[in-house]
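Working notes for the structure below.
Read-outs throughout are calculated quantities, based only on the coordinates presented, and are distinct from any laboratory measurement. These numbers come from a predicted model, not from an experiment. All Cβ positions, even for glycine, are placed from backbone atoms using ideal geometry, and neighbour counts span all protein chains on display.
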Amino acid sequence: ETGVTQSPTHLIKTRGQQVTLRCSSQSGHNTVSWYQQALGQGPQFIFQYYREEENGRGNFPPRFSGLQFPNYSSELNVNALELDDSALYLCASSLSGSGYTFGSGTRLTVV
Amino acid sequence: AQSVTQLGSHVSVSEGALVLLRCNYSSSVPPYLFWYVQYPNQGLQLLLKYTTGATLVKGINGFEAEFKKSETSFHLTKPSAHMSDAAEYFCAVSGADNYGQNFVFGPGTRLSVLP
């Protein structure tokens, strides 16, 4: 087991730009969830992918999208960045929901 | 719909004292309940979880929590605080029918441990 790794660890983007965040899941984990954690708040569920298909989504607009790949990696894409998108983005992987392992997150700052 | 409240955004205890972090939830379906800890610049680490069965759940690092359905509570306790326990603690709920599809987290409680 190698755990869940996220890249990059920190990122600064300009309002209106697009960003891609990456997550490498634990080997064999077919489920990945993404969360947004604003400063001083708890994580909020963005969406979940199971076997490369989105199978659950929180209250986030369509400019938040994702992909999951056969090699257990995944991406979170955010278009038309807004200042309020500044947050820590966490991914968590699981084998069919049996238990979730979280990565250390990507800190995104939008200026 | 599910929600979580955590009473006290910041709790301070002395080293060796009892730790009590409060969590109340609401859920329209049987809940699964979790406590996570987050150290600075790190992700979330699972302390313990309740799914079914025994309502007193023991976790890592000496923490435990008791599920009280009548009080809709899942408070976290540790008999004796250690300096290394200083961190942010999050309570979370997930529906038993959609486990993992939508963890709802509370706002968190920052625990400080004083020497």
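Numbers at a glance
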quantity: Charge dipole (debye, nearest 20) of chain B; +1 at Cβ of Lys and Arg, -1 at Cβ of Asp and Glu; calculated: 100
quantity: Selected from A:Val110, A:Thr5, B:Phe34, residue furthest toward positive end of dipole (the protein assembly as shown; charges at beta carbon); calculated: A:Val110
quantity: Cα convex hull of the protein assembly as shown, projected area averaged across orientations, nm²; calculated: 12.3
quantity: From the C-alpha gyration tensor of chain B, square roots of 5λ in Å; calculated: 24, 14, 12
quantity: Given charges at beta-carbon only (K, R positive; D, E negative), |dipole| of the protein assembly as shown in Debye; calculated: 140
quantity: Antiparallel bridges, percent of DSSP beta bridges restricted to the protein assembly as shown (to nearest 5); calculated: 90
quantity: Principal axis box of region B:14-75, alpha-carbon based, largest edge first, Å; calculated: 34, 26, 19
quantity: Neighbour-count ranking [beta-carbon atoms within 10 angstrom, fewest first] of B:Ile60, A:Ile46; calculated: B:Ile60, A:Ile46
quantity: Total lysine pairs whose alpha carbons fall under 18 Å of each other in the protein assembly as shown (8 or more apart, or interchain); calculated: 8
quantity: Dipole magnitude of region A:54-111, debye to nearest 20 (Cβ charges: Lys/Arg +1, Asp/Glu -1, about Cα centre); calculated: 100
quantity: Kirkwood Rh in Å, taken over region A:1-76 so that all alpha-carbon pairs contribute; calculated: 13.3
quantity: Dipole-positive endmost among A:Thr31, A:Ser65, A:Ser86 within chain A (Cβ charges, Cα centre); calculated: A:Ser86
quantity: Ranked list, fewest to most other Cβ atoms within 10 Å of each Cβ, for A:Arg51, A:Arg63; calculated: A:Arg51, A:Arg63
